[in-house]
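Student: Below is the structure I would like to discuss, written out as structure tokens.
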């Protein structure tokens, strides 16, 4: 970078941090969660173009090194740290990315959303709410369709490492696994219904959001025939293609095309309590990661031992052992 270009890039980054610190923090958190995922090849899309020196080449190790060397964003905001050119390039690409923009919202937005979607089955309160904006042709087309069909709101939960791609590219039907109620993206009017599908992910080491977080997308959904939801006396509108269980349940949406849904807000949930080192280490044990499989394995071992104990060979050996060590054994 030339000195003039470097100064411009640094100014853009610092200005963005001063304007909306948490929004920049979130965008970096989403990227970092995708980067440290074991599914990074599919989650980290788009890859930061400024680091892609050769067409189609993605240097994940180099990107990880850059993220690892980043100081806390507060230090960058206060100009307390010296950053490499690559660090400035990455931060500039994040704050000026052409895919989506993010804005921190106040509590009034959360209250408004809760009023529009109704009470959840149980209390679920996010720590932060962010508005997501798109300046794309598809977003303009969505706005035009919204005037024709109207819009409903629904929540979509997923793994934290998916949200970098979700925020950048939207919810893609072709990437979804077929559900019991047919093919499409699943959303719900009930925030609590989405929570079982939410899983936390790790963040970069200096994130002010903590070491782990999770997300829920608040979606605008066109009230279009391609969106299936429970409608009294309308089986066609209530049933999605290849549904195994028939009509879509109440408070659910099955969205059959990606252009019928758009991310409007992101709810972010932070880890309030950091587990002790012992607890964190214990959770890495296979019995914590695969509890059902572990129980089945222990049961299988038990059956195997019982079978061996009742075998003629083991019983013969046991009687011989008892006679050798106990003369009174009959």
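Student: Residue separation times 0.36 nm, minus the C-alpha to C-alpha distance between residue 111 and residue 177: what's the value?
Tutor: 20.5 nm
Student: Give, in nm to one decimal, the length gained when the segment between residue 119 and residue 148 is fully stretched (0.36 nm per residue of separation minus the Cα-Cα distance).
Tutor: So the chain would gain 7.7 nm between residue 119 and residue 148.
Student: Expressed as an acute angle from 0 to 90° and rounded to the nearest 10, what is the orientation of the C-alpha long axis of helix 85-95 relative to the principal long axis of the chain?
Tutor: Tilt of helix 85-95: around 80 degrees.
Student: Measure nothing fancy, just the Cα-based angle from helix 137-149's long axis to the longest principal axis of the chain, in degrees from 0 to 90, nearest 10.
Tutor: In the chain, helix 137-149 runs at an angle near 90 degrees to the longest axis.
Student: With a ≥ b ≥ c the root eigenvalues of the C-alpha gyration tensor of the chain, is it rounded (a/c under 1.5), prolate (a/b larger than b/c) or oblate?
Tutor: The shape class here is oblate.
Student: Assuming a ≥ b ≥ c are the square roots of the Cα gyration tensor eigenvalues, decide whether the stretch 67-152 counts as rounded (a/c under 1.5), prolate (otherwise, with a/b larger than b/c) or oblate.
Tutor: Here the stretch 67-152 falls in the oblate category.
Student: Run the helix sum for the chain: -39,500 (n - 2.57) per DSSP H stretch of 4+ residues, divided by residue count, reported at 222 nm to the nearest 500 deg cm²/dmol.
Tutor: -12500 deg cm²/dmol
Student: Moving on to the next point. Mean-square fluctuation check for the chain, GNM, Cα pairs under 10 Å: which of 131, 57, 119 is largest?
Tutor: Greatest mean-square fluctuation among the candidates belongs to 57.
Student: Continuing with this model, one more query. Which value in nm describes the separation of the simple spin-label points at residue 41 and residue 299, placed 7 Å from the Cα toward the beta carbon?
Tutor: Modelled inter-label distance: 3.6 nm.
Student: Normalising by the residue count of the stretch 12-92, find the relative contact order in percent from Cα pairs under 8 Å and 6+ residues apart.
Tutor: This gives 37 percent for the stretch 12-92.
Student: Restricting the count to DSSP beta bridges whose residues both fall in the chain, what percent are antiparallel, rounded to a multiple of 5?
Tutor: So the antiparallel bridges amount to about 95 percent of the total.
Student: Moving to a separate point now. If a/c stays under 1.5 just call it rounded; otherwise compare a/b with b/c (prolate if a/b is bigger, oblate if not). Do that for the stretch 202-270, with a ≥ b ≥ c from the square roots of the Cα gyration tensor eigenvalues.
Tutor: The shape class here is prolate.
Student: Taking only Cα atoms, what is the 0 to 90° angle, nearest 10, from helix 60-69's long axis to the longest principal axis of the chain?
Tutor: Long axis of 60-69 versus the principal axis of the chain: about 80 degrees.
No value in this document is a laboratory result; all are computed from the given coordinates. Source: prediction; values computed, not measured. Methodologically, a virtual Cβ is constructed for each residue, glycine included, from the backbone with ideal geometry; neighbour enumeration extends over all protein chains shown.
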